[in-house]
1. Report the residue count in region 103-125 for those that are over 19 Å from the mean Cα position of the chain (by Cα) and of a type in the set (Ser, Thr, Tyr).
2. Out of region 14-51, which residues are closer than 22 Å to residue 105 by Cβ and of a type in the set (Asp, Glu)?
3. Quick check: is even one residue across region 87-102 more than 16 Å from the chain's Cα centre (by Cα) and buried (at least 18 other Cβ atoms within 10 Å of the Cβ)?
4. Quick test of your reading of the structure: residue 77 fulfils all but one of (1) of a type in the set (D, E, K, R); (2) surrounded by 17 or more Cβ atoms within 10 Å (Cβ to Cβ); (3) under 19 Å from the mean Cα position of the chain (by Cα); (4) over 23 Å from residue 15 (Cα atoms). Name the failing condition by number.
5. For the list (1) more than 15 Å from residue 18 (Cα to Cα); (2) modelled with pLDDT under 90, I need the number of the one condition that residue 75 fails.
6. Filter region 87-108 down to the residues that are in a loop (DSSP other than H, G, I, E, B) and touching a Lys or Arg at 6+ places or on another chain (Cβ under 9 Å), then identify the one that is farthest from residue 141 (Cα to Cα).
7. Can you name the residue in region 114-148 that is among the β-branched types (Val, Ile, Thr) and in a helix (DSSP H, G or I) and is also modelled with the lowest pLDDT among such residues?
8. Taking the conditions exactly as written (of a type in the set (Phe, Trp, Tyr), at pLDDT 90 or above and farther than 20 Å from residue 140 by Cβ), does residue 111 satisfy them or not?
Amino acid sequence: MKMTNITGITSIDITKIINKSDLGEPYDRLSDFLELEDFVKVEKLFCGKQLKFKPKHKCGDIKTEYPELVLMLGIVKAEKFIIALGGMRVYFPKLRNSASKSIKAKIAKEFNGYNYARLAEKYGYTERHIRRILVETRKRRKNPLQRL
């Protein structure tokens, strides 16, 4: 579950803590034909970018228009990707941000009053951030109209 990057900082394999159903826009539009591992590839390719995809009928050859996408996903999935998002302007957030509501709900559900450190390690947050999430969750329970 844990992976260490070259700086020595431990990061979390996002595929271990979220499901496809946890993801929001634009990833949810792609969940019919992409697997969670494919979403990680899409995130690496497009994260933090706002892109406008040409409609499929104006695209021409996908291999020349979107070579990185074809290389990462394969031609069949790349075509479905362009069909799903063609003609749209799309921003790709980090998967963790897209699934934050679900992750926060899991943290609140798993919290037993003492396991701040274990939750921080499991979800790749600091203990302080886990505490912040739990405070937000408690406030939301008291005032259900407040957004998470």
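1. Qualifying residue count, region 103-125: 2.
2. Result: 22, 25, 28, 43.
3. No, every residue in region 87-102 fails to be more than 16 Å from the chain's Cα centre (by Cα) and buried (at least 18 other Cβ atoms within 10 Å of the Cβ).
4. (4)
5. With respect to (1) more than 15 Å from residue 18 (Cα to Cα); (2) modelled with pLDDT under 90, residue 75 is out only on (2).
6. Among those residues, the one meeting the criterion is 87.
7. Per the criteria, the residue is 137.
8. So residue 111 does not fit the description; no.
The values are calculated or read from the model by the stated rules, or taken from the named source; none is laboratory data. Bear in mind that the values here come from a model prediction, so they are computed numbers and not experimental data. Every residue, glycine among them, receives a Cβ derived from its backbone with ideal geometry; neighbour counts consider all protein chains shown.
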